[in-house]
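No value in this document is a laboratory result; all are computed from the given coordinates. What you see is a predicted model, and the numbers here were worked out from it, not measured in a lab. With ideal geometry, Cβ positions are generated from the backbone for all residues, glycine too; neighbour counts draw on all protein chains shown.
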Amino acid sequence: MSWDLAAIRETRRSAGLWRELRTLETAPGMMVEWEGRRLINFASNDYLGLKSSPALAAALKEGVDLYGAGSGASRLVSGSLSPHSDFESALASFKHTESAITFTSGFAAALGTLPALVGGGDTILLDKLSHASLVDAARLSGATLRVFPHNHLGKLEKLLETASGRVLIVTEAIFSMDGDACALAEIIALKERFGAWLLLDEAHSVGVLGPQGRGLAAALGLESQIEIHMGTLSKSFGLSGGYIAASRLVVEHLINHARSLIYSTAPPPCLAHAALAALNIIAGEEGESRRQCLRQHVQQLMPDKPMVSAILPKIIGDEKAALEASARLRELGFLIPAIRYPTVAKGSARLRITPTAGHSAEQVQRLIAALQQL
Ligand SMILES: *Cc1c(COP(=O)(O)O)cnc(C)c1O
C-alpha cells in the first residue's frame, strides 16, 4: 500500500463513489440554500420537524442561561449535572425501563456499549444491514462477530445454535437506508429460546412510531422484552446525542465499563435541558399532531402501502445514475442526495426521501410531481 491518496480518490471518483461536503445555508422551515439555489430539504432525519422548532430553540437558550456553555469534565469526574439526570429519568420513564444513560452521540453510545457488554469468547449476531456504528462497535468489542442476512430468521436461529459465551443479538428497529422494520417479535422469541440478549437500535423509530412516539417495540407491545434499547437525540429529537435505556444493573455496568462515556466530556448541560423539552414535545399532544402530519405526508408519497417508517428509498441501482437523478432533483428545487456504496451495497444506489412534519402538504405534492419527471 502506498501513500498515493490521489490514486484512491481517482478510483472512487471514476466509480461514482467520491463524496464531498456541501455547505448549506439554512433558510426558514424546510428550505436550504446551496450554491445560490433554494432547495426543499427532503434529506434530513428530523422526522418531527423539531430541529427548527422555536420552542426547542428557546429551551436550548434557557439551558445556556441556566447552566452556561460546556460541562467541564467527564460524567464520572465532575460533568454529571442535574439536567443530565433529570433528562435520563424522564427518558427511562418514556422508554418504560428502570434507567437510562446519555452519550455524546448515537455512534458513541454504540461504541461504548457493545464492548462493555461482550468481549473475547462472546458472540454478537448482527443483522447485515445494521448501521456502521453497530458494526464498528461489534468489531471493537473483540467478541466473535457473525452477520446474518437481513431479517433472515432461519440463519439467525442456526447461528444461535452454535454461538458461545454471552450472546448479543444486535439489530435496528427501522433500517436507516431501506426504511423497513426488523422482525422484532420473531427475534425476541428466538433470543428467549436461546437465552441471548437483544440490543435494539431505535434511531429511526423513536418519535415516529408507537404510542407517544415511543418506538417500534412500544408499537408492538414488546418493550419489556428487550434488554438494551439504543437511540439517538440527533433525529426526531432535533438535537444531538445518543442514549441507552435498560435495567438499572445494565446502566450501572455501562457507567463502569463504557469507555466512550468514561473518557469523554459530558454533553453540554443545555443540550440535556433541551432534550427534556424535546421529549415532552414528542410524548405529548404536539408530538401526536406532528406524527399525524408526518403520516399524512408518507401516505401522500406512498398511497398504496401501509406506513412502516418515514424513510422512503427510491432504488436506482447504478451509482452514477443515482447521482444524475439527485442532480436533476436539485434543478427541480429539491435536496435529495444519492446514497451509495459503502453506505449501501454496490449496485443498489438510491435516493433516500424523508418527509418530515416540518414539510407542508404542498411541498410534498411538488416533490411527487418532480419524481414523476425523473
Ligand atoms: C444515525 C444513527 C446512529 C448514530 O446516531 P448519531 O447520534 O447520529 O451519532 C446510530 N444508529 C442508527 C441506526 C442511525 O441511523
Label-point gap, in nm, between Lys155 and Glu324 - each point 7 angstrom along Cα→Cβ: 3.2 nm
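Evaluate the charge dipole of segment 196-320 about its Cα centre and quote only its size in Debye, nearest 20, assuming +1 on the Cβ of each Lys and Arg and -1 on the Cβ of each Asp and Glu.
Charge dipole, segment 196-320, about its Cα centre: 160 debye, nearest 20.
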If one builds a Gaussian network model of the chain from Cα atoms under 10 Å apart, the most fluctuating residue listed among Ile174, Ile316, Ile244 is Ile316
Taking 0.36 nm per residue of separation and subtracting the Cα-Cα distance, what length does fully extending Ile315 through Asp180 add? 47.2 nm
Would you kindly state how much longer the chain becomes between Lys61 and Lys128 on full extension, computed as 0.36 nm times their sequence separation minus their alpha carbon distance, in nm to one decimal? 20.0 nm
GNM of the chain, Cα pairs under 10 angstrom: of Glu285, Glu35, Glu25, the biggest fluctuation goes to Glu35
Extension gain Glu25-Ala189, at 0.36 nm per residue separation less the Cα-Cα distance, in nm? 54.3 nm
Below 12 Å, Cα to Cα, which aspartates and glutamates can Lys191 reach? Residues fewer than 8 away in the same chain don't count. Glu157, Glu161, Glu227
Using +1 on the beta carbon of Lys and Arg, -1 on that of Asp and Glu, and nothing else charged, what's the dipole of segment 320-374 about the Cα centre, debye to 20? 280 debye
Using label points projected 7 Å from each Cα along Cα→Cβ, tell me how many nm separate Ser80 and Glu252, to one decimal. 1.2 nm
Given charges of +1 on the Cβ of Lys and Arg and -1 on the Cβ of Asp and Glu, with all other atoms neutral, how large is the dipole of the chain about its Cα centre, in debye to the nearest 20? 800 debye
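Can you tell me the FRET efficiency between Ser224 and Ala6 if r is taken as the Cβ-Cβ distance and R0 is 56 Å, rounded to the nearest 0.05? Display every interim value, and only then the final one.
On the way: r = 54 Å, r/R0 = 0.97.
Once rounded, the FRET efficiency stands at 0.55.
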Amide H neighbours of Ile353 under 5 Å, at least 5 residues apart or on other chains, H built in the peptide plane: list them. Leu312, Lys314
Name all residues of segment 96-114 having a backbone nitrogen under 19 Å from the label point set 7 Å from the Cα of Glu288 along its Cα→Cβ direction, giving them as ranges. 96
Whole-angstrom gap from segment 243-322 to segment 66-131, using each part's C-alpha centre: 14 Å
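Going down the list Lys61/Lys235; Lys61/Lys95; Lys158/Lys305, which pairs span over 23 Å between their C-alpha atoms?
Details: Lys61/Lys235 20 Å; Lys61/Lys95 26 Å; Lys158/Lys305 32 Å.
In this structure, Lys61/Lys95; Lys158/Lys305 exceed 23 Å between Cα atoms.
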For a label point 7 Å from the Cα of Ser89 along Cα→C-beta, name the residues of segment 246-267 whose backbone N is under 20 Å from it. 246-253, 255, 267
For Asp304 paired with Thr265, estimate the spin-label separation in nm (one decimal), with each label point 7 Å from Cα along the Cα-to-Cβ line. 5.3 nm
So what J values fall out for segment 16-21 if you push phi through Karplus, 6.51 cos²θ - 1.76 cosθ + 1.60 with θ = phi - 60°, rounded to Hz, Gly and Pro as x? x, 10, 6, 10, 9, 6
Place +1 on the Cβ of every Lys and Arg and -1 on the Cβ of every Asp and Glu in the chain, take the dipole about the Cα centre, and give the residue among Met31, Ser164, Ala7 whose Cα lies farthest towards its positive end. Ala7
